[in-house]
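A quick write-up on the structure given underneath.
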Amino acid sequence: MAETEETDVQALQDEIERLKQHNAKLLQEKKDAVTESERQSKRAEDSATELERVTQRPIMQVFESLAPSENLAGYLRQEFGRYFSVENAGGELKIKDSDGNPVKLGEQECAFDVSTVQRLVNDRGLDSLKPLMAAPRNNGGGAVGGSSRPAQASDKPAPREEKRAFGLQ
């Protein structure tokens, strides 16, 4: 009987050791899977950043050059989106109307650039977009800036400071 108990104990200890090894193997597999998942997430994030750079950044640059500030550029893009959309057609950005049809000025389809957006806003009477766009020569109403000419010496002599006597004057 003692021999059976000893065999059972040995069998249980062998089973425990086998389970520990299997557990260690599973933990390593989990660690490898987590590492791979993190690597794939990073790759997906990099791809999304690159996609944004290639597709959205050129569009935003046009709006940033039209608007007087970066904050207004985002709002200008949002308001422009109420009337038009911008699509990449064979590597070239084209303007489409709200129904998805190409927008034309004259006979040509509109390419998405600063001058075309300005023409569309003016020609189509999109008055809600005009205040969001910078004036073409936004430089102080045509006034000559002070940096274009050197400072001139004053014609007036500097006032002399008189010595004051102690007390009230």
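The values are calculated or read from the model by the stated rules, or taken from the named source; none is laboratory data. Quick caveat: nothing in here was measured; it's all calculated off a predicted structure. We place every Cβ from the backbone using ideal geometry, glycine too, and count neighbours over all the protein chains shown.
Numerical summary
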| read-out | value |
| --- | --- |
| Failed condition for E29, given (1) surrounded by 10 or more Cβ atoms within 10 Å (Cβ to Cβ); (2) modelled with pLDDT under 90 | (2) |
| One residue from A134, A151 being in contact with a helix residue (DSSP H, G or I) (Cβ under 8 Å, 6 or more places away or on another chain) and at pLDDT below 70 | A134 |
| Residue list for the range 88-108, filter: surrounded by 13 or more Cβ atoms within 10 Å (Cβ to Cβ) and modelled with pLDDT of 85 or more | L93, K94, I95, K96, D97, P102, V103 |
| Flag for E45 being in a helix (DSSP H, G or I) and surrounded by 10 or more Cβ atoms within 10 Å (Cβ to Cβ) | yes |
| Residue count for the range 80-95, restricted to those that are in contact (Cβ under 8 Å) with a residue 12 or more places away in the chain and closer than 16 Å to Q61 by Cα | 8 |
| Filter pass, E6 being surrounded by 10 or more Cβ atoms within 10 Å (Cβ to Cβ), at pLDDT below 90 and more than 30 Å from G125 (Cα to Cα) | yes |
| Within the range 49-86, tally of residues that are among the aromatic types (F, W, Y) and outside any helix (DSSP H, G or I) | 1 |
| Test: residue in the range 49-57 that is touching a residue at least 12 places away in the same chain (Cβ under 8 Å), surrounded by 11 or more Cβ atoms within 10 Å (Cβ to Cβ) and closer than 22 Å to K130 by Cα | no |
